[in-house]
Amino acid sequence: MRRDEIAAGLAEVDARIATACHAVGRDRGEVTLIAVTKTRPAEDVRILSDLGVRDVAENRDQEAAPKAGELAGLPLTWHFVGQLQTNKVRSVVGYADVIHSVDRVRLVEAISREAVRQGRRVGCLVQVALDDDPARGGCRPADLLELADEVALAEGVWLGGIMAVAPLGEEPAKAFARLRDLAVRLEEQHPRATMISAGMSEDLTEAIAYGATHVRVGTALLGRRKPFVR
């Protein structure tokens, strides 16, 4: 039964989060699990909702938009975590409650404009490239505070905090230690920007050790993904 598989995955991930929190003296309630449901059918999301999961994430608008529409009646917070092109902003703003991948001023402006047009307030996390290479998404660490200021001043959005992915080939702990330092600087300038979105199936323990408030988990929760077909 798919429900049993998902329930088992959820229990295992919850246990991992609890253990990671305990190891560094954090309360389990400080960390929110975001279920990454890309390539998974809407029925998986329904099961997650029935099991008490309230935060789900997608990274492709062409998959996320119809799925979010189909599941609009569920008590879910929708997170968009993929790289976002400005031509997709209108669609994404229509369903995403929080966008984790804000990495340039032009994107801030597009999200703000569309949020105002649709009468929405969308959370924005500034994505940082911890390897100082924006090619995989994210602004340079040196640009973080300036970009955060742009989000904080924009209409129709609110500045939630910071997001990052551990660079390939680097120990996650070292990368997340840098992220923690950046998050501290951000919060000094914007005290309400307390969200730290970091950690996935493989490295959530290290992310939690360095202050992650939101972990984005797909594979460990739902199993290996099937390729997405357009």
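The values are calculated or read from the model by the stated rules, or taken from the named source; none is laboratory data. Predicted model, so just to flag it, every value in this text is computed and none were measured. All Cβ positions, even for glycine, are placed from backbone atoms using ideal geometry, and neighbour counts span all protein chains on display. In case anyone asks, the SASA skips ligands and DNA or RNA and just uses the protein heavy atoms, side chains included. Shrake-Rupley method; radii C 1.70, N 1.55, O 1.52, S 1.80 Å.
If Ala142 satisfies every condition in (1) closer than 27 Å to Val13 by Cα; (2) small (Gly, Ala, Ser); (3) at pLDDT 95 or above but one, which is the exception?
Looking at each condition in turn, Ala142 falls short on (1).
Given the criteria open to solvent by less than 70 Å² (accessible area, probe 1.4 Å) and farther than 22 Å from Glu109 by Cβ, does Ala177 qualify?
It is true that Ala177 is open to solvent by less than 70 Å² (accessible area, probe 1.4 Å) and farther than 22 Å from Glu109 by Cβ.
Counting only residues that are touching a residue at least 40 places away in the same chain (Cβ under 8 Å) and touching a helix residue (DSSP H, G or I) at 6+ places or on another chain (Cβ under 7 Å), which one in region 180-197 is most open to solvent (accessible area, probe 1.4 Å)?
Per the stated criteria, the residue is Arg185.
Looking only at region 105-119, which residues are of a type in the set (D, E, K, R) and within 14 Å of Leu159 (Cα to Cα)?
Glu109
Scan region 119-138 for residues that are closer than 24 Å to Glu70 by Cβ and open to solvent by less than 10 Å² (accessible area, probe 1.4 Å) and jot them down.
Result: Val122, Gly123.
Just one of (1) among the hydrophobic types (A, V, I, L, M, F, W, C); (2) open to solvent by less than 50 Å² (accessible area, probe 1.4 Å); (3) not in a loop (DSSP other than H, G, I, E, B) trips up Val116, so point out which.
It fails just one condition, (2).
So, in region 45-54, of the ones that are in contact (Cβ under 8 Å) with a residue 40 or more places away in the chain and open to solvent by less than 30 Å² (accessible area, probe 1.4 Å), which residue ends up nearest to Ser101 (Cα to Cα)?
Among those that are in contact (Cβ under 8 Å) with a residue 40 or more places away in the chain and open to solvent by less than 30 Å² (accessible area, probe 1.4 Å), it is Val53.
So which residues in region 137-169 are of a type outside the set (Gly, Ala, Ser) and without any contact (Cβ under 8 Å) to a residue 40 or more places away in the chain, if there are any at all?
Selection gives Cys139, Arg140, Asp143, Glu146, Leu153, Trp158, Leu159, Ile162, Val165, Pro167, Leu168.
Out of everything in region 109-168 that is hydrophobic (A, V, I, L, M, F, W, C) and in contact with a His (Cβ under 7 Å, 6 or more places away or on another chain), what residue ends up being farthest from Tyr95 (Cα to Cα)?
Ala148
Just one of the numbered conditions (1) more than 15 Å from the chain's Cα centre (by Cα); (2) touching a residue at least 12 places away in the same chain (Cβ under 8 Å); (3) open to solvent by 30 Å² or more (accessible area, probe 1.4 Å) is not true of Met200; which one?
If we test Met200 against (1) more than 15 Å from the chain's Cα centre (by Cα); (2) touching a residue at least 12 places away in the same chain (Cβ under 8 Å); (3) open to solvent by 30 Å² or more (accessible area, probe 1.4 Å), just (1) comes out false.
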